[in-house]
Every structure is written in C-alpha cells, then in structure tokens.
Amino acid sequence: MPCPADSCFSLTLTGVSTLPLTPGNGVYSGQLVVPPGGGLLALTLHSPRPLRLWIGHHLVIEDGPQRSNTHPERRLRAAACLPLSAGEHLVRVEVEPRPHHIDFVDHHCASPRHAGIVAALEQRIPDELTFTTRWQPGTTGPAACMRFERGHFRRNDQVWQEVWLRALPGFAPIFQPFIGWGTKPPSWLPTLRTEFGGQHVGAVPLDGRPPGEQRLYVPVTAVGALPPVARAPGHDERPEPDRAVVAEVTLTVANPAGEVALSMPVFELTGRLAPKTAYAELPAPDFATVWAQVPEPILPAEFAGLGRLYRAAWELLCRLWRPMPLESGLPNGYVRTAERGFATSQFVWDTAFTTLGAAYGWRAYPALASLDCLYSRQEDGGHIERQQDIRDNLPEIFEPGFGVNPPLIAPVELALARLTGQSDRLRAVYPALVAHYRWIEANRRLPDGTYWTTGLANGLDNSPSQGEGYPDLTAQMAQFAEALANIAELLETPGEASAWRTAHAEITRALNAHLWSESLGCYSTSLLGGGHNPNKVVTTFWPLWAGAVPPDRVAALARLALNPATFNRHHPLPSLSADAPLFNPAGEYWRGSVWVPTNFAALKGFWRAGETALARDFTTRHLQAVLETFDATGGVLWENFCSEQSTRGSASGRGFSWTTASPIALLLEIVIGLEPNAPARCLRWTLPPTSGFGVRRYPLGPATVDLLHTHDPASGQHRLQVATDQPFTLEVVTPAAPLTFHLNPGTHDFSLPA
C-alpha cells in the first residue's frame with residue numbers, strides 16, 4: 001500500500017539517506033529492494049528523537065523516551081546488521097516527539113536566556129534522521145542491533161565504552177550451516193570486539209534492562225591511551241552539555257554465521273583531570289566502626305540533645321552510602337542524596353555540604369569518595385554539571401543551558417586539608433579545580449565582573465531571586481578564588497596564590513559595586529533594566545562567607561538577620577524574607593523554608609566576619625529547631641524546615657545527606673568553636689560563653705586531641721584540660737585575651753585568666 005507523500009522516504013542499500021521530521025509523533029515508510037542472492041546489510045542511524053525502526057515485520061531498533069525530559073540534547077546513535085533475502089522489504093519508522101525541558105522551569109525559575117538556548121540547541125541538532133548503509137551481497141552474518149551509549153569506565157589503563165546489544169532472531173541466516181542430529185546448535189548470540197580487544201558483560205543498571213538487551217562494554221582505546229580532547233578551555237560553544245563524538249573505532253559483530261564490521265562512535269572522556277580514574281570498590285562504612293573514631297562532642301546538660309542529633313547524623317551518613325559497580329564509570333561508591341527520592345542523581349552542592357560534615361570522619365568514613373565521583377564527571381573544558389545521572393554518565397538537564405551548582409568543591413577540599421594536613425590530595429585535585437573555575441569564569445562572567453546563573457542552577461528552584469548578576473554565584477566565585485589561593489600557598493606556588501588573591505579582590509569589588517541595594521540594605525540580584533530584585537533572599541548573606549563584605553555592610557546584614565520581620569524567625573534564617581509577598585509560612589520549598597546549606601553559609605559567614613555572638617545564637621536555635629523536628633517526626637533529618645515552628649517544611653524529603661552538615665560541622669565549628677589548621681599543626685578554639693564544652697578524639701592531622709573547658713563556681717576559676725598524642729599549637733580565644741599554647745604529647749591542665 002503506498003504511503004502519503006509527506007511520510008515517505010528513500011533508503012538505499014549503500015550510501016547516506018536523510019529523513020526530515022515533522023513536529024510531534026510521526027510515522028514514516030520506505031522500501032529496501034534487495035537484489036537476487038540476498039546479502040548482509042550494515043546500517044547505522046543517528047536520530048535526535050526516540051524511535052522504533054521496523055524492517056518487514058521485525059522490530060530492529062527500539063529506543064523509548066526514557067528520561068527524555070531531562071535529556072533534550074540526547075541523540076540516538078545505533079547500528080544494525082541484517083541478513084536480508086532478495087525482494088522488497090518495507091521500512092517503517094515511528095518517532096516520538098522531540099525531547100524537551102520540564103515545564104516547572106518556565107513557571108518558577110525561567111531565565112531570559114532560555115529561549116535563545118533552546119533555539120541554538122535546535123539549530124545545532126537538526127530534527128532529522130540520518131541513515132548510513134553498506135551492502136555485502138551474497139554473504140551472511142549475525143542479525144543484531146546495537147545502541148551506542150556514552151557510559152564508560154577505565155580498567156587496566158584502557159577506556160571501555162557502553163553498547164546495548166539485542167539479537168534479532170527473526171532474521172534467519174541465509175547460509176546456516178548443517179547441524180547434525182543429536183548435536184547442540186551453536187550459540188547465535190553475537191559477540192563484540194574492536195581493534196583494541198573483546199567485550200565485557202556489564203552489570204544491570206539500577207533501572208533494569210530492556211527486554212532482550214544485553215549491556216556490554218568494548219575497549220575504545222589502546223592500553224595507555226585516551227580518546228582525543230573534545231574541547232579546549234574557554235568559551236563553550238555548546239548550548240548544553242553533551243558528550244561529543246571525538247573518534248570512531250571499528251566494531252566487529254560476530255557469531256557462527258559470520259561477522260560484520262561497523263563504525264562505532266567514541267564519545268568524549270569525562271574525568272580526564274580526576275585524581276582517581278581507576279575503579280576501586282570501597283567497603284560500606286560500618287556505623288559502630290565509624291562512631292568509635294569520629295570526634296565526640298562534650299556538651300553541657302542543656303545541650304545534651306545536640307549530642308543525640310550528632311549521632312543521628314553519622315547514622316544517616318552510614319545508611320546513605322551506596323556502592324557502585326565498575327560499569328557505572330564512577331571510581332567508587334558515593335553518599336546518595338536522600339533515603340527516598342533522587343535515587344539516581346548526584347548533585348554538586350549536595351555533595352559539597354555533605355562532605356563538610358563527613359570530613360570529620362576522614363579516618364574511618366570515605367569522606368573523599370563522593371568528591372571523586374564529581375571529578376570523574378568533569379567534561380573537557382572544565383564544566384561539571386549540577387546534577388549527574390549515576391547510571392549512564394550523563395548530566396540531567398532540567399532547564400536549557402548549563403547548570404552551575406554552587407561551585408564549592410575547592411573550599412570543601414581546603415576544609416578537608418585543614419583537618420587531615422595532607423597536601424598530596426590538594427596537588428592531585430588542583431588542576432581539575434582550576435579548570436572548573438576557568439570554565440565558569442569564561443562562560444558565566446558578565447561585563448561588569450559579576451556572575452549570572454539561574455534559579456534552578458543555583459539550587460534555589462522556585463525562589464523569586466531571578467535577575468542578571470547573582471550575589472550568590474558571584475560570592476561563590478570569590479570564595480573559589482580565595483580557596484585556590486590558599487591551596488596554592490600550601491602547594492608552595494606563591495605566584496599562583498598571588499594571582500588568585502587578585503581574582504578574589506576583583507570579584508569582591510564587582511560584587512560590592514553592582515549587587516548591593518542601598519534601599520534593601522542587602523545584596524540582591526541585579527536586573528537587566530537597572531536596579532535590583534526587590535526580594536530579600538537568604539543568599540544575601542553568602543558574601544560574608546567569602547570574606548567579601550565591608551564592615552559597614554556586615555553591620556547592615558546583621559541588622560537584617562536580627563530583624564523579626566525578615567529573617568529572625570522561630571527557626572532562623574528562612575530562604576525568603578518573611579516580609580516578601582511570596583513568603584509562605586509553611587515553607588513552599590524556597591519561598592520560606594529553612595535549608596541547612598544556606599544557613600551553613602550565612603552562619604559561617606557571620607562567624608568569619610566577627611559576629612560570633614550572632615552566629616552562635618542563631619546556630620544554637622537552628623540546631624534546636626532541627627532537634628525538635630527530629631524528635632517530633634520519629635527521628636528524621638529533613639530536607640528543609642518550617643521557619644515559623646519546629647516542624648518540616650511543607651515540601652521536604654526524608655533523610656537528606658546535606659542536613660548532616662549542621663549537626664556535625666556547625667556544632668563543632670561554631671557552637672563549640674573549633675577551627676582546625678592541620679597543615680600548620682594548629683587548632684584555634686573560640687571558647688563558648690559557658691563552660692562544659694569540649695571534644696574527644698578530635699582528628700587534627702596525625703594528632704588526636706581531647707579538649708575540655710571547665711568552670712568552678714566556688715572559686716570562679718576557668719580551666720582547660722588538653723590531651724594529645726602529637727605536638728600541636730592551641731590558640732584559645734577568650735573575652736579577656738587570646739592565648740597560645742605549644743603542646744607536646746601528653747596531658748595538660750591550664751588555668752585561664754579571669
């Protein structure tokens with residue numbers, strides 16, 4: 001039966017054919033005419049849409065719309081080898097609609113750049129199918145189809161790439177050899193090999209295996225070689241992150257009927273600069289073992305509940321550990337985002353804040369593992385996408401463009417080094433950190449020196465914080481530059497350290513010149529037409545953590561934080577000021593909920609800026625509200641919290657990894673007041689205003705330190721008790737005067753000045 005003219009296409013036995021597609025679903029028909037004697041057809045296909053390809057009554061290629069809304073840049077690359085008999089063969093293609101971004105972005109966090117990015121993406125990826133065919137007359141071979149995916153791993157100094165193979169038993173071999181009676185038929189399941197070696201059978205991914213498909217990997221490089229670099233650092237010409245094809249290898253598909261050679265694309269390698277490239281299985285952390293080695297806070301009776309919260313945070317971190325197989329392409333397991341939800345995603349800023357707490361278990365807990373997973377996904381050019389799909393080595397793209405989550409990896413690496421004292425790690429990660437910084441600088445910096453992002457990329461989702469230059473990313477880039485300066489100093493490269501400090505100063509000047517609103521009394525997103533976004537958002541405090549706020553503005557931000565009409569609520573600091581029109585007392589995600597990451601940044605910022613009393617008071621109230629919510633909800637550490645009472649936010653998930661940062665890191669660093677500097681073998685202790693605080697088993701580099709501050713009411717005497725197994729310097733900050741003690745191994749007891 002003839003097909004309508006607008007849905008017909010021509011497919012030849014040898015050559016390249018292009019089929020333009022119309023919007024929406026579509027069905028397209030064509031014919032293949034096979035000459036007498038038959039033969040073997042080798043076909044490759046490139047499509048921007050999910051599709052099904054039929055030849056005769058046989059389904060040859062099937063690619064459903066899995067995760068299509070998170071992969072608008074996704075393209076199907078597939079191949080098939082088909083023994084065909086003489087005659088006419090109907091070819092039928094059924095295509096799904098072109099993948100798209102989710103509608104949530106347009107309603108809640110759209111960027112004015114989104115329309116241009118979508119247009120550039122459509123121009124870069126034409127909406128058409130491309131077939132390449134090659135005919136081998138009078139021969140036979142395997143009947144199979146292959147989908148070429150972008151997953152890869154490294155083993156034995158080779159790169160292996162993912163292929164999904166499906167045998168097509170409906171295509172009988174033309175010259176099938178005689179099988180004698182009573183003998184078993186040979187296996188007709190094809191095997192794959194390249195010029196670099198044979199196949200590896202992959203583990204089934206988390207979401208299962210499509211019916212009849214086998215997940216295989218084949219080597220795409222020689223031993224000791226890497227694929228070509230996909231792009232240089234600097235301006236990224238792509239509309240969105242994708243995995244570029246950088247080379248081709250010959251894939252041989254074989255079974256007893258014969259074999260056929262096909263061209264297989266080699267996708268760009270991620271993690272080229274990663275400190276860890278070879279896979280190593282890490283044992284799941286055992287809570288009892290971890291608990292026996294992490295620091296133990298010593299707290300007065302009125303703060304005892306925070307000790308329970310601290311223990312619960314470590315229990316959650318141990319439960320959230322997820323082992324990963326070799327085939328994931330990850331170098332090891334990682335700490336998943338939550339007990340429920342986000343089962344296949346890893347986020348940059350979730351990982352960063354989780355690690356700030358987990359760092360205190362560095363001797364017993366795999367604190368570096370999740371960071372190593374992030375580095376393994378870094379693209380050529382330096383970009384690290386905000387959200388990664390752990391199943392297939394692809395970024396999850398919910399909005400047009402590149403998602404730049406708060407770039408906190410460098411400050412986190414520095415925080416780890418200040419606990420461990422180990423410079424080898426910093427030397428290994430420094431090139432990857434510099435490449436990440438340079439990518440953001442080249443692709444997100446505005447002419448005025450500030451940085452742009454979007455409401456989804458910066459993690460604030462439905463917050464009414466949109467505009468042009470964002471104070472959060474701008475401050476984070478200043479913080480990034482400062483961390484790189486400190487790392488360069490530890491690596492004894494003073495010239496680089498000086499350059500990074502200059503960058504910090506330049507970004508700080510731009511931040512204060514363009515993103516401070518005098519009328520609001522805070523930092524706010526600049527607008528294209530001039531002025532600032534009128535909403536006061538919690539990220540206004542982030543520049544404090546970056547050391548980028550002049551003293552007079554520190555005082556203004558403190559007044560804003562202390563104002564009950566804005567951020568000084570029952571549970572400080574809500575994500576949106578309480579006097580904002582869109583503030584929701586129940587939370588509504590980023591329209592009023594309290595979040596650990598932004599509280600962490602604000603409270604560490606006030607601490608750094610010298611507002612230690614404010615930081616301690618708000619941290620204590622924050623932890624108390626988290627504890628009360630924890631107790632009232634059966635022992636759950638929630639994704640976010642209500643600002644008006646001690647309960648969960650109206651939209652919040654259970655058991656979130658980053659929520660552990662407050663009960664661990666803020667408790668030790670602000671409530672107790674400990675600041676490590678293991679490379680200098682130094683520990684700074686800003687004493688709390690009341691006694692009874694201390695810590696056991698504090699892991700300061702090679703030293704294990706016990707500390708306790710006591711007060712005798714009868715004599716009025718304050719004392720410090722210290723035990724250490726390695727020499728270190730203790731700097732004690734008191735209201736009277738700073739004190740310095742150079743301590744050798746042993747037990748020490750000091751009387752403090754009144």
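Throughout, read-outs are computed from the coordinates displayed, never taken from laboratory work. Since the model is a prediction, treat every value here as computed from it, not as a measurement. Cβ: placed from backbone, ideal geometry, glycine included. Neighbour counts: every protein chain shown.
Where does each of 562-573, 686-697 land if you order them by average Cβ count within 10 Å, highest first?
On the way: 562-573: 19.3, 686-697: 17.0.
For the peptides 562-573, 686-697, the packing ranking is 562-573, 686-697.
Would you work out the charge dipole size for the chain about its Cα centre, treating the Cβ of every Lys and Arg as +1 and the Cβ of every Asp and Glu as -1, and quote it to the nearest 20 debye?
It works out to roughly 800 debye.
Taking 0.36 nm per residue of separation and subtracting the Cα-Cα distance, what length does fully extending Arg654 through Arg193 add?
Values: separation 461, 0.36 × 461 = 165.96 nm, distance 4.53 nm.
Gain on extension, Arg654 to Arg193, equals 161.4 nm.
Considering Cα pairs under 8 angstrom that are at least six residues apart, work out the relative contact order of the stretch 272-404 and quote it in whole percent. Could the numbers behind the result be given before it?
On the way: 184 pairs, mean separation 37.2, N = 133.
Normalised by residue count, the contact order of the stretch 272-404 is 28 percent.
Can you give me the Cα centroid spacing of the stretch 401-430 and the stretch 311-356 in angstrom?
17 Å
State the antiparallel share, in %, of DSSP beta bridges confined to the chain, rounding to the nearest 5. Walk me through the numbers on the way to the answer.
Values: 126 of 132 bridges.
Antiparallel bridges make up about 95 percent of those DSSP assigns within the chain.
Taking the Cβ of each residue in Lys536, Lys276 as the centre, tally the other Cβ atoms inside 10 Å and list the residues starting with the fewest. Intermediate results must be reported in sequence, preceding the final value.
On the way: Lys536 24, Lys276 19.
Lowest count first: Lys276, Lys536.
Based solely on its DSSP helices, what 222 nm [θ] is calculated for the chain when runs of n ≥ 4 H residues each add -39,500 (n - 2.57) and the sum is averaged over all residues, nearest 500 deg cm²/dmol?
Values: 14 runs with 182 residues, N = 754.
Estimated from H runs of four or more residues: -7500 deg cm²/dmol.
What ³J(HN,Hα) values, in whole Hz, does the Karplus curve 6.51 cos²θ - 1.76 cosθ + 1.60 give for the stretch 619-628 when θ = phi - 60°, with x put for Gly and Pro?
The phi angles translate into 5, 5, 5, 4, 5, 5, 5, 5, 5, 5 Hz.
Return a whole-number percent for the relative contact order of the chain, with Cα pairs under 8 Å and 6 or more residues apart as the contact set.
Values: 1766 pairs, mean separation 77.0, N = 754.
Reported relative contact order: 10 percent.
Along the stretch 25-38, what does the Karplus equation 6.51 cos²θ - 1.76 cosθ + 1.60 (θ = phi - 60°) give for ³J(HN,Hα), rounded to whole Hz, x for Gly and Pro?
Values per residue, Gly and Pro as x: 5, x, 10, 10, 10, x, 9, 10, 10, 9, x, x, x, x Hz.
Give the shape of the stretch 272-404 as rounded, prolate or oblate, defined through the alpha-carbon gyration tensor: a ≥ b ≥ c are the square roots of its eigenvalues, a/c under 1.5 means rounded, and otherwise the shape is prolate if a/b is larger than b/c and oblate if not.
Numbers: a/c = 2.32, a/b = 1.79, b/c = 1.29.
Prolate, since a/c reaches 1.5 and a/b exceeds b/c.
For the stretch 425-569, what does the relative contact order come out to in percent, with C-alpha contacts under 8 Å and a separation of six or more?
Details: 191 pairs, mean separation 33.8, N = 145.
In percent, rounded to a whole number, it is 23.
Tell me, how many Å apart are the Cα centres for the stretch 593-615 and for the stretch 489-555?
Taking the Cα centre of each part, the stretch 593-615 and the stretch 489-555 sit 16 Å apart.
Residues in the stretch 516-536, backbone N under 19 Å from the label point at Ala565 (7 Å along the Cα-to-beta-carbon vector): list them, ranges by number please.
What the label zone holds, given the 19 Å backbone N cut-off, is 517-523, 534-536.
Shape call for the chain from the C-alpha gyration tensor, a ≥ b ≥ c root eigenvalues: rounded (a/c under 1.5), prolate (a/b greater than b/c) or oblate?
Prolate, because a/c is 1.5 or more and a/b exceeds b/c.
So if a site counts as exposed when it's one of the GluC sites (Glu not before Pro), its DSSP state isn't H, G, I, E or B, and it has at most 14 other Cβ atoms within 10 Å, what's the longest stretch of the chain without one? Mind showing how you got there, number by number?
Values: sites that count: Glu195, Glu237, Glu281, Glu492, Glu518.
Counting at most 14 other Cβ atoms within 10 Å as exposed, the longest clean stretch of the chain is 519-754.
Along the charge dipole of the chain, pointing to its positive end and built from +1/-1 on Cβ of Lys, Arg, Asp and Glu, which listed residue (Ala119, Phe267, His100) has its Cα farthest out?
The Cα lying farthest towards the positive end belongs to Phe267.
Using each residue's phi in the stretch 678-685, evaluate 6.51 cos²θ - 1.76 cosθ + 1.60 at θ = phi - 60° and report the 3J(HN,Hα) Karplus result to the nearest Hz, with x for Gly and Pro.
Computed from phi, the couplings for the stretch 678-685 are 4, x, 9, 6, 9, 10, 9, 10 Hz.
Placing +1 on the Cβ of each Lys and Arg and -1 on the Cβ of each Asp and Glu in the stretch 218-322, which of Ala278, Pro295, Val220 has its Cα farthest towards the positive end of the resulting dipole?
With unit charges placed on the Cβ atoms, the residue in question is Pro295.
Sequence-distant or interchain residues sharing an amide H contact under 5 Å with Gly382, placed H: which?
Those lying under 5 Å, H to H, from Gly382: there are none.
Subtract the Cα-Cα distance of Asn156 and Leu527 from 0.36 nm times their separation in residues, and report this length gain in nm to one decimal. Walk me through the intermediate numbers first.
Working: separation 371, 0.36 × 371 = 133.56 nm, distance 5.22 nm.
Gain on extension, Asn156 to Leu527, equals 128.3 nm.
Select from the stretch 262-336 those chymotrypsin sites (Phe, Trp or Tyr not before Pro) which occupy a DSSP coil region and have at most 12 other Cβ atoms within 10 Å, ordered by residue number. Could the numbers behind the result be given before it?
On the way: sites: Phe267, Tyr279, Phe287, Trp291, Phe303, Tyr310, Trp314, Trp321, Tyr334; in loops: Tyr279.
Here no chymotrypsin sites (Phe, Trp or Tyr not before Pro) fit, given the DSSP loop and packing criteria.
Return Leu59, Leu53 ranked ascending by Cβ neighbour count within 10 Å, so the fewest neighbours appear first.
Values: Leu59 17, Leu53 25.
With the fewest neighbours first, Leu59, Leu53 line up as Leu59, Leu53.
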